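A quick write-up on the structure given underneath.
What follows draws every value from the coordinates through simple rules; no lab data is involved. What you see is a predicted model, and the numbers here were worked out from it, not measured in a lab. Here the Cβ is made from the backbone with ideal geometry for all residues, glycine too, and neighbour counts use every protein chain on show.
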Amino acid sequence: MSAARAIFGSSETRFAYTLLLPVSILLAGLVAYPFGYAIYVSFTDRVVGNDGQWIGLGNFHYLAQSPAFWAAIQNTVVLVVASDVLKLAIGLGLALLVNQRLPGRGLLRSALMLPWAMPAFVAFLVWRVIYQPIGGGLNLLLTASGIWPEVVDWLGQRSTAMPAVIAASVWRGFPFWFVSILAALQNIPLELYEAARVDGASAWQRFWAVTWPSIRPVVIVTTLLSSIWTANSFENVWLLTQGGPSDATIVFPVLAYFGMQTQRIGEAAAVSVAMLPVLAILVFAGTTMMQRGEDE
Amino acid sequence: MKRQALLGRIFTYAVLGIAVLIVLFPVYWMIITSLKLPREIYRTPALWPQVFTLNNYRQLLDDKGFLDNILNSLIVASAVTVISLAVSSIAAYSMVRFRTRFRGVIGRLILFAYLTPTSLLFIPLSILMARLQLGNSLYGLVLVYLTFSLPLSTWLLQGYFRSVPRALEEQGMIDGLTRLGALIRIVLPLSVPGLAAVAIFTFTGAWNELLLALVLITSESARTAPLGLNYLITSDVLPWGPLMAGAVLSSLPLMLLYFVAQRFMVQGLAAGSVKG
């Protein structure tokens, strides 16, 4: 029994809820209500200037027949899976290397975190310039070094546009993985490695027996967060390609924004609501993992 | 064995060196392009400019009014940071110190809010703001930015407050402080590194936001920095020079801040958003 409870008794509960009131009101008004409203609007034929009527699944029927919508599904899946895999591989690999006792390690870590500090809109604008056929740095490096003699319009052709978007997204996103995994690695007691070494475990065995079990929760949470963020990232595609060429890089958020621009609000809302089922699973898994981590 | 260790070291530095080069190249290209004359950008691209010029910056600030955009961004990001720190620190304190019945549910809802993406909310939020007559204003922007800043800062601050020993607070209350007094005089001062990290996360989150600004802001005078740059590339001629000048101006302050406060940020990450 704490001293505080003895002094304040049950008025303490009232106080506790009072402190939670502002955040609850703001989040109810700015997240919960709009969330429900988005779902409602997706079942109406609302346009700008006209609230529209309930049309049931009309918008979803329309979307199911739209090639752009299927392209968005496919591109979003490709973008999320490819970026997650690459960010995990790069983030984990670099974290393992930096986690050694190395001279200059702090500086290396800071340098590798740099893309994280760069605002996303800046990063993707810079990559847009780098990918340009005229004045772009990538073509300059490739032609000058002789690796690839021809100038490529990376963002302008279907075959390279998506890989280019993925590469830029990985560049900007890997530091979050790198930093998270590195923090987890540094929490592993050195004695565990010593013990494994005494038992004669090889580097590979030490990784699977000691390292991986220790960082797995972090990797899972990071994968969930990163998947949610990547599936909903707008800046990368919008600033690099605006979904082009001919829908080769169209993703859900950009498609929804286009719907909004053409003033067909109901359809636009249906686009973002259409990804809700998958999103809900990821969010539910994510919150469960994060709360479990908190209680430990 | 020694040879093997040496080879390992060489391999490590080689890989890390390449990674650092790949990380730095876009930053380098941004800076160098912002300092080049148009003819060097478009006709004879090179790794090092023949002539350095500040023309791009002059053009951006004088002709495009980018200083106003930066100012708008500063106002919005600062307001969001102050409001969310105030609101979320009392909420986080309540979550950490009191074992109320709905604590678990509220914690979960805050996480849900944190993970609810802007791409789902931007349509209803634009309708809502229009109805509140806040459609094309910085006030509206501040309000909608709370959708992502409040859950994040509440979640992160819980991690920091949990590490403040309860005994210190109780001692303070025995000495005559109220609960609120204990929060303000004891818990907050002891959490300054955490508050600083959360402030930086919140500030950068608001500073970087594009989609909501794009949907809500229609008048040129209310544009934020990302919005100003976005409208540079939707014009017919793509002015790479001024664009990269704008990129430098809107990212260098933040990158410096991250560099200085890096230790806090990494701790913040470990304490809050990703717990292993």
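What percent do you get for the relative contact order of chain A when only Cα pairs under 8 Å and 6+ apart count?
In percent, rounded to a whole number, it is 28.
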Where nothing but the Cβ of Lys and Arg (+1) and of Asp and Glu (-1) is charged, how large is the charge dipole of chain B around its Cα centre, in debye to the nearest 20? 1100 debye
How do B:64-76, A:127-139 rank on mean C-beta neighbours within 10 Å, highest first? A:127-139, B:64-76
Filtered hits (aspartates and glutamates, Cα-Cα < 16 Å from B:Lys64, offset >= 8 within chain) -> B:Glu220, B:Asp236
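Kindly rank A:267-278, B:240-251 from highest to lowest mean number of other beta carbons found within 10 Å of each residue. Let's see the in-between values first.
Numbers: A:267-278: 22.4, B:240-251: 24.8.
Taking the mean over residues of other Cβ atoms within 10 Å, the ranking is B:240-251, A:267-278.
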The simple spin-label model distance between B:Arg58 and A:Ile55, using points 7 Å out along Cα→Cβ, in nm, is 5.4 nm
Coil-residue trypsin sites (Lys or Arg not before Pro) of the range B:1-52, DSSP, other Cβ within 10 Å capped at 12: B:Arg43
In Å and on Cα atoms, what radius of gyration and Dmax does the range B:2-53 show? 17.3, 54
Semi-axis lengths (Å, descending) of the ellipsoid that matches the C-alpha gyration tensor of chain A: 37, 35, 17
For the range B:118-217, with +1 on Lys and Arg beta carbons and -1 on Asp and Glu, the positive-most of B:Gly181, B:Phe161, B:Leu141 along the dipole: B:Leu141
At 0.36 nm per residue, and after removing the present C-alpha to C-alpha distance, how many nm does the segment from A:Arg101 to A:Trp204 gain when stretched out fully? 35.2 nm
Evaluate the charge dipole of chain A about its Cα centre and quote only its size in Debye, nearest 20, assuming +1 on the Cβ of each Lys and Arg and -1 on the Cβ of each Asp and Glu. 440 debye
Shielding by partners - mean other protein chain Cβ count within 10 Å, residues of A:226-237: 3
Subtracting the Cα-Cα distance from 0.36 nm times the residue separation, let me have the gained length for B:Leu71 to B:Leu132 in nm, one decimal. 19.5 nm
